[in-house]
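Visitor: To start, I am sharing the structure in question, which I have written as structure tokens.
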Amino acid sequence: MGEETGKQYASKWVKTAALLSHPAIAPHIPPTRMYNDANLKSMLAAHGMVVIKPVRGAGGHGVIKVSKQGGRYAVSHYDDRRFYDTFSGLTYALSQMKRKRPYLIQKGIQLATISGRPIDYRVKYVKEESGWSCRAMVGRLARHGLFVTNLCRGGTQMTAAEGIRRSLSTSMVKSKKQEMRRLTRLSTEVLESRLPGIGQLGFDYGLDRRGKIWIFEVNTRPQ
């Protein structure tokens, strides 16, 4: 199956729900719910920080970070950072940003950083005649001042090994790369059984400050 072929599934919720069904994968997925005001309030109370992203979308478009800081709410959206004193003020502002599109709420993860800039990882997995193969495993370092790491948002690409070494430690490089490969293979088996016809996948992984691996989302049309 060629790199440009394969069925596409846009909904992040559909793919997340499929992965949550597997007991070995579910612990690596941040708590995730569909967006509504009640879910936002309860997830902020439970986690302190959440990431809100469109159910359909790529490239970091429309992704918003919300955190509870004392009695106020901090909102980061692209280069913009604002504070709201009330929950109703927060939800009104978010409604303007979301523009009636369906969104997910995901627990915010404190990613490992390089010079204060968060880094995550993209693994590109492609189905060929001989089976699935890993085409790329790279680190993506966020631009100064941003929390999204997408290259189209000014992120910097580096090898996964360099990213792990600089953000965590050299001793973790081999084991974390192996774990990402294992999760990629296992997740692909699950997704292929639930979403027939897929031919390429882009896994977005994060490593938190303790080195735990998280799966943020999977794209069927990776950029």
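Visitor: Could you figure out which of (1) open to solvent by less than 50 Å² (accessible area, probe 1.4 Å); (2) assigned to a strand (DSSP E or B) isn't true of R82?
Guide: Answer for R82: the failing condition is (1).
Visitor: Let me ask something else about it. K12 fails exactly one of the following numbered conditions: (1) within 14 Å of the chain's Cα centre (by Cα); (2) free of Cβ contacts under 8 Å to residues at least 12 places away in the same chain. What is the number of that condition?
Guide: Evaluating K12 over (1) within 14 Å of the chain's Cα centre (by Cα); (2) free of Cβ contacts under 8 Å to residues at least 12 places away in the same chain leaves (2) as the failure.
Visitor: For residues that are surrounded by 14 or more Cβ atoms within 10 Å (Cβ to Cβ) and under 28 Å from G211 (Cβ atoms), tally how many sit in the stretch 24-47.
Guide: Within the stretch 24-47, residues that are surrounded by 14 or more Cβ atoms within 10 Å (Cβ to Cβ) and under 28 Å from G211 (Cβ atoms) number 9.
Visitor: While we're on this one: If I filter the stretch 112-126 down to residues being touching a helix residue (DSSP H, G or I) at 6+ places or on another chain (Cβ under 8 Å) and in a strand (DSSP E or B), which single residue comes out as surrounded by the fewest Cβ atoms within 10 Å (Cβ to Cβ)? Give the derivation first.
Guide: Taking the stretch 112-126 as the starting set, the residues that turn out to be touching a helix residue (DSSP H, G or I) at 6+ places or on another chain (Cβ under 8 Å) are 112-114, 119, 121, 123, 125.
Checking the rest, the ones that are also in a strand (DSSP E or B) come to 113-114, 119, 121, 123, 125.
Values: T113: 15, I114: 18, I119: 25, Y121: 22, V123: 24, Y125: 24.
Among them, the one singled out is T113.
Visitor: Also, quick follow-up: I'm trying to understand the selection: among the residues of the stretch 65-77, which are surrounded by fewer than 16 Cβ atoms within 10 Å (Cβ to Cβ) and under 23 Å from G206 (Cβ atoms)?
Guide: Kept after step one, since they are surrounded by fewer than 16 Cβ atoms within 10 Å (Cβ to Cβ), are these residues of the stretch 65-77: 69-72.
Scanning the stretch 65-77 gives a single hit, Q69.
Visitor: Read through the list (1) farther than 30 Å from G197 by Cβ; (2) surrounded by 16 or more Cβ atoms within 10 Å (Cβ to Cβ), then give the number of the only condition that F87 fails.
Guide: (2)
Visitor: Could you give me the residue pairs with C-beta distances under 9 Å whose first residue belongs to the stretch 69-88 and is on the phi > 0 side of the Ramachandran plot, whose second residue is part of a loop (DSSP other than H, G, I, E, B) wherever it lies, and which are 6+ apart or on separate chains?
Guide: Cβ pairs passing all conditions: Y78/G60; Y78/V63; Y78/L146; Y78/V148.
Visitor: Quick check, is A142 surrounded by 15 or more Cβ atoms within 10 Å (Cβ to Cβ), small (G, A, S) and modelled with pLDDT of 95 or more?
Guide: On the way: surrounded by 15 or more Cβ atoms within 10 Å (Cβ to Cβ): yes; small (G, A, S): yes; modelled with pLDDT of 95 or more: no.
Considered against the rule, which asks whether it is surrounded by 15 or more Cβ atoms within 10 Å (Cβ to Cβ), small (G, A, S) and modelled with pLDDT of 95 or more, A142 comes out as no.
Visitor: Which of the residues spanning the stretch 2-53 are more than 26 Å from G131 (Cβ to Cβ), among the hydrophobic types (A, V, I, L, M, F, W, C) and assigned to a helix (DSSP H, G or I)?
Guide: Within the stretch 2-53, W13, A38, L40, M43, L44, A45, A46 meet the criteria.
The values are calculated or read from the model by the stated rules, or taken from the named source; none is laboratory data. Nothing here was measured: the structure is a model prediction, and the numbers come from that model. Backbone-built Cβ (ideal geometry, glycine too); neighbour counts: all protein chains shown. These accessible areas exclude ligands, DNA and RNA; they are computed on the full protein's heavy atoms, side chains included. Shrake-Rupley method; radii C 1.70, N 1.55, O 1.52, S 1.80 Å.
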